[in-house]
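Let me begin by presenting the structure, written as structure tokens, before commenting on it.
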Amino acid sequence: MFEIRSSPTQYVEIRMRCRQTGRELFWTETLQGRYGGFSQEKSAAFSAVGDGQFHDCRVYPFWHAAGKVIRLRVDVPPDGEFEIEAIRVVDRAAGPPEKQPLWSMAADGVRWQPMQQIESIDVSPAGLALRSAGNRPILLSPTLEVNGRQKPCVCVRMAVSAGTLGRIYAVGRTQLGWEDLSFPLRADGRVHTYNVDMGGLRRWQGEVILVGLQPTDAVGATVRIESIEVADDLRGPAELEVAYFGKTEGVNRAGHPVQLTLTARNLGGQTAGGASARLKAPPGIETLGPAVQALPAVSPYLPKSVSWPVRARDPARRRSRRFWKWRGLRLSRRRRPSISPRRRRSNRAAMCPSRGRCAARSTLVHSTFPAGKTPPAGRRSSISRCASRCSAGTTSRIPSAPIGRSNGPSSTG
């Protein structure tokens, strides 16, 4: 047993070799409790390279709120070989906490430390560039002194070559461990603004002392970060994104006017104005109004929409292309809204209850209530059976009413 004073910048370095990857570090500041002070709350999971060779594993427990640490425990999988050569607790150098958390990575990138799964890192006038060595590369900020309630937003300006999700991690002054919030990436290699509202996290309700950034979840992805800021509101220039482009109504009939709608949202911190959208209809689709529509000014909080009335001569599935222009940027996206056939009258037949597994139609017949019993007043029992005698069939209770004419099912061409 030992005793050390805990701090948020400490990490545990374990030199070990193994064949399995899953590991967990437990720690405690007391001997009281069911398991001698150990609990799931005071633990941190980590991964080791399972190639049978010795590697150094760094685990950040963020145990500062406990005040001290007196025991450690490493849990390994029950099967497979492993060997631990050394365990040590390291405290990385930390300067005075920063109260104005705004970093231009070209000048301040060296103050962010690589925490894990980062193959290479370089700071230049273009920003901080890195390459991921795993699916959870994480950078750790300098120590902070930020009121999370007053500054709930984290704004990141960066370009990512691959990946689906990024994450922001938060460490609070009075809580053990850390907490994270994910955000979707636009991995096209261009610089985008990511405003992440952290106000809903428990560790963001008081004083925030550390922030972590996972810029991608793809192995081998390249990342260039321009700036990071913890702010009281959204930051960054206006940036429009198409939130929706397609049919306005659920059912659209050939030969009748229908609406195509485009909805744009603003991901930046400034209002976007002067945008316009142009619809290029494919052969067989007639645009009934102006092809170019001016988009109202889009604030960061409220999406705006424009629509075009169109008409299709025949039922088909066609690609509609829309171009939109904003500050010299011309983008093109394709969608495939479907146009259904004209409504037809049919007999009272319905589709087979097998929902498409059988091409035959089914007939609706009435039967008595279960086992010949009398149903409740005003209700009867019905059974839908397939005309081709397939195994499909459903039973339901419906109000008693004559069977009249109904519209046949619609299909898309």
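The values are calculated or read from the model by the stated rules, or taken from the named source; none is laboratory data. Please read these numbers as outputs of a predicted model, since none were measured by experiment. We place every Cβ from the backbone using ideal geometry, glycine too, and count neighbours over all the protein chains shown.
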Restricting to region 219-234, count the residues that are closer than 22 Å to P142 by Cβ and out of contact with any Gly (no Cβ under 8 Å at 6 or more places or on another chain). 6
Would you mind stating whether V242 is part of a strand (DSSP E or B) and either aromatic (F, W, Y) or surrounded by 22 or more Cβ atoms within 10 Å (Cβ to Cβ) (or both)? no
What pairs come up if the first residue lies in region 185-204 and is over 28 Å from W63 (Cα atoms) and small (G, A, S), the second is part of a strand (DSSP E or B) and modelled with pLDDT of 95 or more, and their beta carbons are under 8 Å apart, counting only those six or more places apart or on different chains? A187/V160; G189/A159; G189/V160
State whether the residues of region 126-135 include one that is crowded, with 17+ Cβ neighbours inside 10 Å, among the hydrophobic types (A, V, I, L, M, F, W, C) and closer than 26 Å to L201 by Cα. no
Pick from E13, E29, E81: which is more than 30 Å from L144 (Cα to Cα) and touching a Lys or Arg at 6+ places or on another chain (Cβ under 6 Å)? E81
For D51, the lone unmet condition from (1) among the acidic types (D, E); (2) part of a loop (DSSP other than H, G, I, E, B); (3) surrounded by 13 or more Cβ atoms within 10 Å (Cβ to Cβ) is (3)
Criterion: of a type in the set (V, I, T), touching a residue at least 60 places away in the same chain (Cβ under 8 Å) and assigned to a strand (DSSP E or B) - qualifying residue of V251, V230: V230
Only listed residue being among the basic types (K, R) and at pLDDT 90 or above, chosen from R23, R73: R73
For V208, indicate whether it is over 14 Å from the mean Cα position of the chain (by Cα), modelled with pLDDT of 95 or more and among the aliphatic types (A, V, I, L, M). yes
Select from region 173-197 the residues that are surrounded by 16 or more Cβ atoms within 10 Å (Cβ to Cβ) and either out of contact with any strand residue (DSSP E or B) (no Cβ under 6 Å at 6 or more places or on another chain) or at positive phi (or both) and list them in ascending order. Q175, L176, G177, H192
Identity of the residue in region 30-45, surrounded by fewer than 17 Cβ atoms within 10 Å (Cβ to Cβ) and touching a residue at least 40 places away in the same chain (Cβ under 8 Å), that ends up nearest to G80 (Cα to Cα): E41
Would you be able to say whether some residue in region 271-279 is under 27 Å from R157 (Cβ atoms), surrounded by fewer than 20 Cβ atoms within 10 Å (Cβ to Cβ) and touching a Phe, Trp or Tyr at 6+ places or on another chain (Cβ under 8 Å)? yes
Expected single match for over 29 Å from the mean Cα position of the chain (by Cα), surrounded by 14 or more Cβ atoms within 10 Å (Cβ to Cβ) and of a type in the set (A, V, I, L, M) among V69, V90, V59 is V69
Scope region 260-319; condition assigned to a strand (DSSP E or B) and charged (D, E, K, R); matching residues: R265, R278, K280, E286, K304, R311, R317
Among D108, D79, D91, which is in contact with a strand residue (DSSP E or B) (Cβ under 8 Å, 6 or more places away or on another chain) and more than 18 Å from Y169 (Cβ to Cβ)? D91
Take the residues of region 8-28 that are of a type in the set (D, E, K, R) and surrounded by fewer than 18 Cβ atoms within 10 Å (Cβ to Cβ): which is farthest from V211 (Cα to Cα)? R19
Tally the residues that are without any contact (Cβ under 8 Å) to a residue 60 or more places away in the chain and either part of a loop (DSSP other than H, G, I, E, B) or surrounded by 16 or more Cβ atoms within 10 Å (Cβ to Cβ) (or both), restricting the search to region 72-86. 4
For region 116-132, which positions are closer than 16 Å to G163 by Cα, touching a Gly at 6+ places or on another chain (Cβ under 8 Å) and not charged (D, E, K, R)? Q117, S132
